[in-house]
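Single-structure report; data block below.
The values are calculated or read from the model by the stated rules, or taken from the named source; none is laboratory data. Everything numeric in this text was worked out from a predicted model, so none of it was measured. Glycine gets a Cβ as well: all are built from the backbone with ideal geometry, and neighbour counts include every protein chain shown.
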Amino acid sequence: MALNKTILVDKSEVVSLGSTYTTNNWKVIQVRTATVIDEDGTQLSKSFERHVVVPGTVSEGSTTLTVTDVSAEDAGVQAIFNAVMTTDVKEAYRLNLVGIRSESL
C-alpha cells in the first residue's frame, strides 16, 4: 500500500492577444499543472492548478520590459516560451503595458 504523488504539466497553450489585424499582437502561455495521487497504480485523486506566463513586466515609471524568468518552469514550458516570445512579441506586449499605464493617468 504505497501512496504516490505526481505533479506534472499536462497542458500548455499559447494564446494570441492584442490586435490580430496589426503587428501589435502579443502572446501569453497558459499552463495547467496536474497533481495526481495514486495508491499502487490506482488513481485516487487528480486536481489542477493553472497559471499564465507573460512575456515580461514593465515597472511603474519605466518603459523597459523585464523579460519573465522562466527558469523555474517545466522544461517544455521553457522551450515554448523561448520559441514563442520573439523580439516582436515582447515589443508588442511592452507597448501594450506602457499604453495601458499612460491611458490610466
Which numbered condition residue 16 fails, given (1) closer than 22 Å to residue 97 by Cα; (2) at pLDDT 95 or above; (3) hydroxyl-bearing (Ser, Thr, Tyr):
(2)
Within the set of pairs 6+ apart or on separate chains, which have a first residue in segment 60-82 that is in contact (Cβ under 8 Å) with a residue 12 or more places away in the chain, a second that is in a helix (DSSP H, G or I) and surrounded by 12 or more Cβ atoms within 10 Å (Cβ to Cβ), and C-beta atoms under 6 Å apart?
63/98; 65/90; 65/94; 70/78; 70/81
Examine segment 10-28 for a residue that is farther than 30 Å from residue 95 by Cβ and touching a strand residue (DSSP E or B) at 6+ places or on another chain (Cβ under 6 Å), and state whether such a residue exists.
yes
Could you tell me which of the residues 71, 47 is under 27 Å from residue 91 (Cβ atoms), out of contact with any Gly (no Cβ under 8 Å at 6 or more places or on another chain), among the hydroxyl-bearing types (Ser, Thr, Tyr) and loosely packed, with under 14 Cβ neighbours inside 10 Å?
71
I'm trying to understand the selection: among the residues of segment 78-91, which are in a loop (DSSP other than H, G, I, E, B) and either farther than 15 Å from residue 30 by Cα or in contact with a Ser or Thr (Cβ under 6 Å, 6 or more places away or on another chain) (or both)?
86
Within segment 82-105, is even one residue touching a strand residue (DSSP E or B) at 6+ places or on another chain (Cβ under 7 Å) and closer than 30 Å to residue 3 by Cβ?
no
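So that you can scan it fast, the table gives a plain yes or no per residue for (1) more than 30 Å from residue 3 (Cα to Cα); (2) modelled with pLDDT of 95 or more; (3) of a type in the set (Gly, Ala, Ser); (4) part of a strand (DSSP E or B):
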{"position": "20", "(1), (2), (3), (4)": "yes, no, no, no"}
{"position": "30", "(1), (2), (3), (4)": "no, yes, no, yes"}
{"position": "51", "(1), (2), (3), (4)": "no, yes, no, yes"}
{"position": "76", "(1), (2), (3), (4)": "no, yes, yes, no"}
Sort out which residues of segment 53-68 are surrounded by 14 or more Cβ atoms within 10 Å (Cβ to Cβ) and not in a strand (DSSP E or B), and write them in order of number.
54, 55, 68
